[in-house]
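One structure below.
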Amino acid sequence: MLFMVIERFHNNDVAPVGDRFRTSGRMLPEGVTYQASWLDHAGSQCFQLVDAPSVELMSAWISRWNDLADFELIPVLTSAEFWEARRT
């Protein structure tokens, strides 16, 4: 499953997230694949595209970061997948 992850940093403070990332990396569970990410200009939120076989694995990853940010998970399809599914 492909997920758009919206990560909102506590107190709009990206610094603790950056510190943990530099020391520990993404801390993704096995089977979860990071695709890409973007940050807003203020550095208060991050938008990530992540591939995972289940929501449970995404929850395991989020639990490693939820002391620093709030997360919103949105299951998404590529445009090609969406339109292919509409044909059937």
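The values are calculated or read from the model by the stated rules, or taken from the named source; none is laboratory data. All values derive from a computational prediction rather than experimental measurement. Cβ placement follows ideal geometry from the backbone for every residue including glycine, while neighbour counts extend to all protein chains displayed.
Side notes on the structure shown:
- Criterion (modelled with pLDDT of 95 or more and surrounded by fewer than 15 Cβ atoms within 10 Å (Cβ to Cβ)) met by exactly one of Ser44, Ser59: Ser59
- Ser37 vs. criteria under 21 Å from Leu77 (Cβ atoms), in contact with a Cys (Cβ under 6 Å, 6 or more places away or on another chain) and not charged (D, E, K, R): yes
- Of residues in segment 1-36 being within 12 Å of Ala69 (Cα to Cα) and among the aliphatic types (A, V, I, L, M), the one surrounded by the fewest Cβ atoms within 10 Å (Cβ to Cβ): Ala15
- Within this structure, Leu28 passes the test of being touching a residue at least 24 places away in the same chain (Cβ under 8 Å) and in a loop (DSSP other than H, G, I, E, B).
- Enumeration of residues in segment 35-65 that are assigned to a loop (DSSP other than H, G, I, E, B) and either in contact (Cβ under 8 Å) with a residue 60 or more places away in the chain or under 17 Å from Gly18 (Cβ atoms) (or both): Asp40, His41, Ala42, Gly43, Ser44, Arg64, Trp65
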